[in-house]
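The values are calculated or read from the model by the stated rules, or taken from the named source; none is laboratory data. Remember, predicted model here, so these are calculated numbers, not experimental data. All Cβ positions, glycine included, derive from the backbone under ideal geometry; neighbour counts span all protein chains shown. Note: accessible area is taken over every heavy atom of the protein model, side chains too, but ligands, DNA and RNA are not part of it. Shrake-Rupley method; radii C 1.70, N 1.55, O 1.52, S 1.80 Å.
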Amino acid sequence: MKHTLISSLAIGLVLTACQPVVDEPVPQPFQTKVIDFKASGLIAGTLPEIIDALETGKVSSERLVNLYLERIENIDKNGPKLQAVLALNPDALVQAKALDEQRAAGQVLGPLHGVPVLLKDNIESKDNIATTAGALALKDNITGRDSPLVAGLRAQGAIILGKTNLSQWANFRSEGSMSGWSALGGQVRNPHMLDRNPCGSSSGSGAATAASLAAATVGTETNGSVICPSNANGIVGFKPSVGLVPQEFIIPISVSQDTAGPMTKTVMGAAIMMNAMATATPYKDYTVGLVKNSLKDVRIGVLNFAKGNSTPILAHFDRALKDLEAAGAVLVNIDERPATPDDFGRMSYDILKYEFKDGLNKYLASTPSDKVSTRSLQELIDFNLVNKDVELSLFDQSIFTASQAMGTLESDEYKTALTMVQKATGKEGIDKLLQEYDVQVLVAPSGLTVPRVDPINGDVWPNVWPGLGGHAAKAGYPHITVPMGGIHHLSVGLSFIGTKHTDADVLAYAYGYEQQSQRRLEPQYLRNAESIPFIREAMGGYSNN
């Protein structure tokens, strides 16, 4: 049953995988006064460990909320100033105290009873917190509604601690945007290296989980926005099959691609969150298959065509493949990328613009907040022009204007594009690879080592992007990333991709790899790359003096 408490055996297994591994000697932060911002004690732990501490009475929910609030104050609002948390729930402590009283009375709601969780700030909750997408136009958008995933979390006793910062409008406002920036929250910082890109629109959720600002966080993805920040921040991120987590009361981009997903320190944590969030499968337990030998005799397709050309990432990928074999998997090389139709890129982009216009118009028109004056995409564009000193200070709204120019979802162009793209990425893409090579799951690197935050040029990415995450996003298929190590203290991940509704299997395969590899990095809060001694020396040049 879905709401069964996690067994002590399952928790014991995950604890062996939660110890962070650092691939290189840890440098001292490059500053005159060395300050250690790393988490310690219970809040440095994983979601299963925190659940166990609550169940055994080692900590109360009220105490746990206070610990997270103190840490948010110390390192998110001050110290390295991560700016990962956009707003806090003013009633979190009251709710925690009430849940403690319920536990004392033997009325435990579920495994997440009393667990503090942060939501990406495009997900509605009925708490006294606005749902803003990081935008000035929605700063007072308090709706009093729980999205279904939040209702699922709350039914298991979770506390919504607050909302995380994000790339404004889930990074669908400008072609010159900067990941992790919003007008209301400023720039999210990567806790591994503070001047580095936190990646993807769920950047605040990724940074918050890595920095131990909550027991778990929730992100959303249209194309890469759970996977990329999880890869960049060194955590587990799971993008489920589209539809398992309902999209209602989440500010939309794409009805065909949007989904929320858990962002946690371990695969077990992600599965526990899925048990609550996936309200479309209310009796499915996503933790059942998470056993240490879950990779034994599993045939894995190795996407050599999608492994990229970064020498350090390739070295980590090769080591990950050895870990998979050591865990009992059978590796099958796949060297040819599946073909895509002419104009595939244009059609994929057009689908998002069509669906964004339709979905956002419906969302803005239906929000119950009487303080939201922008009730359509065109009114939002006009609002941003009036408030351009705030909203358009760093980049434009080119995607907004391009979306406004699109027709309706009844247009033949939209319907044709949707059919062709979904077929190319699903039946003729991921499914074809799985069937032709007789494999159960596909693996590839999850992404790149992230570049610096660049407020002048916006996001600047290399031309070659590893992985096949775009196919998983467009097809609506499950995709998970698990840390596979670090390059100069920046994390990189390994992706597992399956066909639609094989979510439990994909989680199980990722868990088997995690147990074998144990390569999660603990953030070091380095100011920049020059905080690493050999890089600082090289940047200064060689001298005989």
- Output the residues belonging to region 42-84 that are open to solvent by 10 Å² or more (accessible area, probe 1.4 Å) and within 21 Å of residue 106 (Cβ to Cβ). 52, 55, 56, 57, 58, 59, 60, 62, 63
- Return the pairs, sorted by first residue and then second, in which the second residue is among the aromatic types (Phe, Trp, Tyr) and in a loop (DSSP other than H, G, I, E, B), the first residue lies in region 397-417 and is closer than 19 Å to residue 178 by Cβ and touching a residue at least 24 places away in the same chain (Cβ under 8 Å), the beta carbons are less than 7 Å apart, and the residues are 6+ apart or on different chains. 399/172
- Item | Residues being in contact with a Cys (Cβ under 8 Å, 6 or more places away or on another chain) and charged (D, E, K, R) - total across region 221-279 | 1
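Within region 142-151, can you find the residues that are of a type in the set (Gly, Ala, Ser) and open to solvent by 10 Å² or more (accessible area, probe 1.4 Å)?
If the condition is that a residue be of a type in the set (Gly, Ala, Ser) and open to solvent by 10 Å² or more (accessible area, probe 1.4 Å), then 144, 151 are the ones that fit.
Condition first: among the basic types (Lys, Arg) and under 16 Å from residue 114 (Cβ atoms). Now tell me which residues in region 40-91 satisfy that. Working first, answer last.
Filtering region 40-91 for residues among the basic types (Lys, Arg) gives 58, 63, 71, 77, 81.
Within region 40-91, 58, 63 qualify.
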- Item | Single residue of region 156-175 satisfying the filter (touching a helix residue (DSSP H, G or I) at 6+ places or on another chain (Cβ under 7 Å) and open to solvent by 10 Å² or more (accessible area, probe 1.4 Å)) that is modelled with the highest pLDDT | 172
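Quick grid of which residues meet (1) within 27 Å of residue 348 (Cα to Cα); (2) in contact with a Gly (Cβ under 9 Å, 6 or more places away or on another chain):
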residue: 254; (1), (2): yes, yes
residue: 282; (1), (2): no, yes
residue: 285; (1), (2): no, no
residue: 294; (1), (2): no, yes
- Of the conditions (1) part of a loop (DSSP other than H, G, I, E, B); (2) modelled with pLDDT of 95 or more; (3) closer than 19 Å to residue 336 by Cα, residue 472 clears all except one; give me its number. (1)
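Just one of 200, 186, 237 is of a type in the set (Gly, Ala, Ser) and without any contact (Cβ under 8 Å) to a residue 40 or more places away in the chain; which is it?
Numbers: 186 fails: without any contact (Cβ under 8 Å) to a residue 40 or more places away in the chain; 237 fails: without any contact (Cβ under 8 Å) to a residue 40 or more places away in the chain.
One residue alone meets the criteria, 200.
Surrounded by 24 or more Cβ atoms within 10 Å (Cβ to Cβ), assigned to a loop (DSSP other than H, G, I, E, B), of a type in the set (Ser, Thr, Tyr) and in contact (Cβ under 8 Å) with a residue 40 or more places away in the chain: does that describe residue 132? Give the steps one after another, and end with the answer.
On the way: surrounded by 24 or more Cβ atoms within 10 Å (Cβ to Cβ): yes; assigned to a loop (DSSP other than H, G, I, E, B): yes; of a type in the set (Ser, Thr, Tyr): yes; in contact (Cβ under 8 Å) with a residue 40 or more places away in the chain: yes.
Yes.
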- Task: Determine whether residue 137 is over 30 Å from residue 390 (Cβ atoms) and hydrophobic (A, V, I, L, M, F, W, C).
- Result: no
- Any residue in region 329-344 that is part of a strand (DSSP E or B), touching a residue at least 40 places away in the same chain (Cβ under 8 Å), open to solvent by 10 Å² or more (accessible area, probe 1.4 Å) and in contact with a Gly (Cβ under 8 Å, 6 or more places away or on another chain)? yes
- Item | Check on residue 91, of a type in the set (D, E, K, R) and either under 20 Å from residue 520 (Cβ atoms) or surrounded by 15 or more Cβ atoms within 10 Å (Cβ to Cβ) (or both) | no
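Where residues in region 370-380 are within 29 Å of the chain's Cα centre (by Cα) and without any contact (Cβ under 8 Å) to a residue 60 or more places away in the chain, which of them is least open to solvent (accessible area, probe 1.4 Å)? Walk me through how you get there before you give the answer.
Here is the first cut: in region 370-380, the residues within 29 Å of the chain's Cα centre (by Cα) are 372, 374-377, 380.
If we keep only those that are without any contact (Cβ under 8 Å) to a residue 60 or more places away in the chain too, we end up with 375-377.
Details: 375: 70, 376: 30, 377: 0 Å².
Among them, the one singled out is 377.
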